[in-house]
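All remarks here apply to the structure that follows.
The values are calculated or read from the model by the stated rules, or taken from the named source; none is laboratory data. All values derive from a computational prediction rather than experimental measurement. FYI the Cβ positions are ideal-geometry reconstructions off the backbone, even for glycines, and counts take in every protein chain you see. Side chains included, ligands, DNA and RNA excluded: accessible areas come from the protein's heavy atoms. Shrake-Rupley method; radii C 1.70, N 1.55, O 1.52, S 1.80 Å.
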Number of protein chains: 2
Amino acid sequence: MGSIPQISDWKVLAASKREAVAKKIPKQWRLSPSVLSNISSTSPISVLDIPRSCGLLSTQELTLTEDYDATALVEAMAKGEIKSYDVTLAFCKRAAIAQQLVNCCTEIMFDEALARAKECDDYLEREGKTMGRLHGLPISLKDSFNIKGVQTTIGYVSFIAHPPAASNSNLVDLLFKQGAVFYVKTNIPQSMMTADSDNNVFGRTLNPNKLTLTAGGSTGGEGALLKLRGSPLGIATDIAGSIRIPSLCNGVLSFKPTASRIPFGGKVPPGRLGSPSPILPVIGPEGHSVRDLELFMKTAIDSDPWECDEHTLAVPWRRVEVPKRPLRFGLIRGDPKRPLHPPVERALHSAATALKEAGHSLVLLDEKIPSLWDTAILAWKFFLLDPKKTPVQYVNASGEPWVSSIKTASFSSLAGWEATMDELFDMNVERSKILKVYHDLYVENQLDAILMPGYQATAVPHDTYGLPIYTVLQNLLNVSAPSYSGKIPLIWPSVPFRNPAVPPGIEAVG
Amino acid sequence: MGSIPQISDWKVLAASKREAVAKKIPKQWRLSPSVLSNISSTSPISVLDIPRSCGLLSTQELTLTEDYDATALVEAMAKGEIKSYDVTLAFCKRAAIAQQLVNCCTEIMFDEALARAKECDDYLEREGKTMGRLHGLPISLKDSFNIKGVQTTIGYVSFIAHPPAASNSNLVDLLFKQGAVFYVKTNIPQSMMTADSDNNVFGRTLNPNKLTLTAGGSTGGEGALLKLRGSPLGIATDIAGSIRIPSLCNGVLSFKPTASRIPFGGKVPPGRLGSPSPILPVIGPEGHSVRDLELFMKTAIDSDPWECDEHTLAVPWRRVEVPKRPLRFGLIRGDPKRPLHPPVERALHSAATALKEAGHSLVLLDEKIPSLWDTAILAWKFFLLDPKKTPVQYVNASGEPWVSSIKTASFSSLAGWEATMDELFDMNVERSKILKVYHDLYVENQLDAILMPGYQATAVPHDTYGLPIYTVLQNLLNVSAPSYSGKIPLIWPSVPFRNPAVPPGIEAVG
């Protein structure tokens, strides 16, 4: 990456990167100064109405971005009822608006996307068939995915010196083959290990529901973009909650599958490759409907992803039928170290009550599970195994400072902790014990799913989210976990552990 | 385990354990002194004919043990054509004979087995249906499996002080529910990390084809017992070749599945639990027919093993259809550091020729793969991660010496090597690179399987087997691998890596 820049340089570098991105928003798509004057991280307003009120979108563009989910768009494009070009243009414009409101994008690829959309339309007309199941669909991606010819800085100033990606991530290749159109990449936190999508390259993503609140992380740019309907479908990653936290904070749907289902290879990692941690990062969708989450999962798995990625399980898609009998749910009401705020307690209570009233039963698990706090500490130890502390090197390489939320996203008891090989053996045994507790609770109580909070609160002010003890549990256990903001806080189906073959399965409680 | 015995004690302890086992062979099943006088590890004779010639087995017992495979036995018992009691008695007697010839058993459970067989027969008569898919079938097990009430020493003298197992291994529970009858556990090497099934508790298992040759390991007792038709089906484990080496040395069939398919929990490990090694031990069958290997795999996986074991993948059984087109095979002809002996070279050549003549094609991979020797060294490093060197502690606890073959089963370049966390990251990256090479060879050449030697030679003299560089490859890659002694040396189907859902699939070349 050339010589290490001087400390005074990093701001210049970052500003020039931001400026290059900003230039890719056409002048005619820019919001008026009067709208922009209210936009800041200290402005306690909702911007949800602005895409509709700002006047930049035509009636058809409002319809395409608001009244269709991804499944409906794909169906209508396949039938020739609507053009990919028009759909893509609508989402490019709306993403440009979202970017000006909540700073959710990193790389902008509007020109390439419109050319690609034209290609899709021409293909359909010429061949009389679609390119694939995602024919013509604009899809937004977390910044860490590589798209050939586009830079991947993942918010490290030192990565601004990197050349554009020489090849696509494995999943990007797969989605391209199915006809996807990529038009933006989205913002993430420095190091990807905090829940505030803030970094020194692109700055902070704001929550469109209220700009003073966090958009969550690490796939926070997606959450904010989706909430503003600037994307029909977003691709996220998750090792401690990074798919689900933005979903909960912004109010969109998401699904975290088990590990090794969706091809993970060819991305830019925020840390060192080769970690012996048993907690693997996973890719999953953020979106607008349950069927859209399934559209993504089923398309990826039906595409034989194991052909393009040597770490992906060769397990076909299968649909698990919802039992006809009443269902049995475990219920976890939270950890005393992170007690639930009233709105979350109410949502959890409403969900539990609704399930009971529908004839299902609930088993309270609070007293039967290991401390969620201690479980999260164990997970964090697995995240801290690298003796080279690679993310620190990436940050120090440019002289950029740490973002504010980093200090809230670590356990004080782990300050200075260094892993030994001996302790790693004990940590794995400890993880197995926890796995067994949950496994036995599932089996002995014949549970179909567990219902629990995804976080103690709704979206909180910037840099106060802290540690995601409720979401990291499902990563440590390697279970799948959909997240429904506003409906049911977080639920994980009865997928026995390390189960790679479970479909979203969320119909069970949808 | 109480106080550490004095060095002079270990031989007494071991002798008393052996004596207790020997006493469980009824007097009327003992071979004549004239037969026994020829039995020793330096006697270059085959004992394959002795079960038939010794006169201890009735004609029906010879028929039951020789003319049926496990599948045929189960079918005939289910129809009531033969009784489990008679089948079990025949295999108990034949195992007793095998034990006297090749020292293949560790624990003898004839009384319990006959009572259980009676229970199976009574159940069938009373209920008009079988207990399960393995109704009444005698199954032999490697010593490391726990059976409630039976000791599990795994050949460590220090483990003689352990009480009998308090519960069954998860797989034992599962097989019991399917109607299995357990009647013997079988011999293994001290530490399970050499290919000679020799330890200071039970002594050495001999090869029934020629007593001066190794029976292989670590599941060598099974291989020898099966070859003498003293078992219809044996359950083995494998982390570097331990299912397949005895199969190759003795001449029986075997199958090593991918990791986490067959429930592994509740066994007695030879080393420390919690290793961060990506190479996981697996359970698989040794047997007499391809359909028997499938009987075991399908029964285990159709039994929802993820319900009884939190580490087992919840992936249902599925049958992969053999393509109607000609197949494509990769061919690996060996590594220069362990060149093939003429019989193995001939077998490999015959197999390749037969495939070509049948219209299939072969792609030579010798120059395209990383050094098999270096790959094995990497695997061995993963086996040596434990800084506590737990197996050494288990051996030293009694003062017993190391068995002779241990020194042939280590890489001199790894003497004194200790893992660091930093190197472990690099080792994982190195493993990923190797995985990618094979993955890409499979995909680019559209291979259905790879054909390669399982070892450089046929069975070798005791304590000279050395390092299993050909078999450990499939463990490092986590691919499934059937092994056919005498037919095709070793073949692994085109199961994309870490594929848990592949059935034996060996019909493709059967």
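Points to keep in mind about this one:
- Close amide H pairs (under 5 Å, H built 1.01 Å from N) link A:THR214 with A:VAL460, A:HIS462, residues at least 5 positions away or on another chain.
- Hydrodynamic radius (Kirkwood) for the stretch B:395-453, which is based on Cα pairs only, to one decimal in Å: 15.6
- Candidate lysines - alpha carbon under 23 Å from B:LYS27, same-chain residues fewer than 8 apart omitted: B:LYS17, B:LYS93, B:LYS118, B:LYS185
- Of A:SER398, B:SER167, the order by accessible heavy-atom surface (1.4 Å probe, DNA, RNA and ligands excluded), from most exposed downward, is B:SER167, A:SER398.
- C-alpha center-to-center spacing [the stretch B:316-355, the stretch B:391-450] in angstrom: 24
- Within chain B, longest stretch clear of exposed GluC sites (Glu not before Pro) (DSSP loop, no more than 15 other Cβ within 10 Å): B:82-320
- Dimensionless Rg/Rh of the stretch B:81-129 - Kirkwood Rh, Rg from C-alpha atoms: 1.10
- Computed over protein heavy atoms with a 1.4 Å probe, the accessible surface of the protein assembly as shown works out to 37 Å² per residue.
- Cross-link pairs exceeding 32 Å in C-alpha to C-alpha distance, out of B:LYS148/B:LYS407; A:LYS389/B:LYS433; A:LYS298/B:LYS142, comprise B:LYS148/B:LYS407; A:LYS298/B:LYS142.
- Rg ratio for the stretch B:328-508: its Cα radius of gyration over 2.2 N^0.38 Å, N being its residue count, equals 1.13.
- Total buried accessible area between B and A, probe 1.4 Å, nearest 100: 3600 Å².
- Taking θ as phi - 60° and the Karplus parameters 6.51, -1.76 and 1.60, the scalar couplings of the stretch A:28-36 work out to 6, 9, 8, 6, 6, x, 5, 5, 5 Hz in sequence order, x denoting glycine and proline.
- The stretch B:9-307: projected area of the alpha-carbon convex hull, averaged over directions, in nm²: 14.6
- Å³ per residue enclosed by the Cα convex hull of chain B: 146
- Sorting B:ASP173, A:ASP309 on solvent-accessible area from highest to lowest, probe radius 1.4 Å, gives B:ASP173, A:ASP309.
- Size of electric dipole in chain B: Cβ of Lys, Arg +1 and of Asp, Glu -1, about Cα centre, debye, nearest 20: 540
- FRET efficiency, 1/(1 + (r/R0)^6) with R0 56 Å, evaluated for B:VAL363 and A:ALA354 via beta carbons: 0.45
- Its relative contact order, with pairs defined as Cα atoms under 8 Å and 6+ residues apart, puts chain A at 17 percent.
- Prolate/oblate/rounded label for the stretch A:211-329 (Cα gyration tensor, a/c 1.5): oblate
- Kyte-Doolittle at least -0.5, axis length at least 24 Å by Cα - qualifying DSSP helices, chain A: A:84-102, A:421-444
- Share of carbon and sulfur in the accessible heavy-atom surface of the stretch A:334-399 [1.4 Å probe, %]: 57
- Three semi-axes of the equivalent ellipsoid, the stretch A:126-242, Cα gyration tensor, whole Å, largest first: 26, 18, 11
- Kirkwood-based shape ratio for the protein assembly as shown, expressed as Rg/Rh from alpha carbons: 1.01
- The lysines whose alpha-carbon is closer than 16 Å to the alpha-carbon of B:LYS356, local same-chain residues fewer than 8 away aside, are B:LYS324, B:LYS487.
- The residues packed around B:ILE235, meaning those with a beta-carbon under 10 Å from its beta-carbon, carry a net charge of 0 if Lys and Arg are +1 and Asp and Glu are -1.
- Positive-end extreme of charge dipole, chain A - chosen from A:GLN446, A:ALA358, A:THR408 (charges on Cβ): A:THR408
- Cα radius of gyration and Dmax for the stretch B:21-113 (Å): 14.1, 46
- Assigned charges on the beta-carbon of Lys, Arg, Asp, Glu; the stretch A:328-509 dipole about Cα centre (debye): 240
- Annotation: amide H-H contacts under 5 Å for B:ALA449 (H modelled 1.01 Å from N, sequence separation of 5 or more, or interchain): B:ARG328, B:GLY330, B:SER494.
- All-pairs alpha carbon distance profile, the stretch B:279-400, 10 Å steps from 0, percent: 9, 20, 29, 31, 10, 2
- Amide H contacts of A:CYS105 (H built 1.01 Å from N, in plane; Pro and chain starts excluded): A:ASN187 sit under 5 Å, all sequence-distant by 5 or more or on other chains.
- Restriction of the trypsin sites (Lys or Arg not before Pro) in the stretch B:109-143 to DSSP coil positions whose beta-carbon has at most 11 other beta-carbons within 10 angstrom yields B:LYS129.
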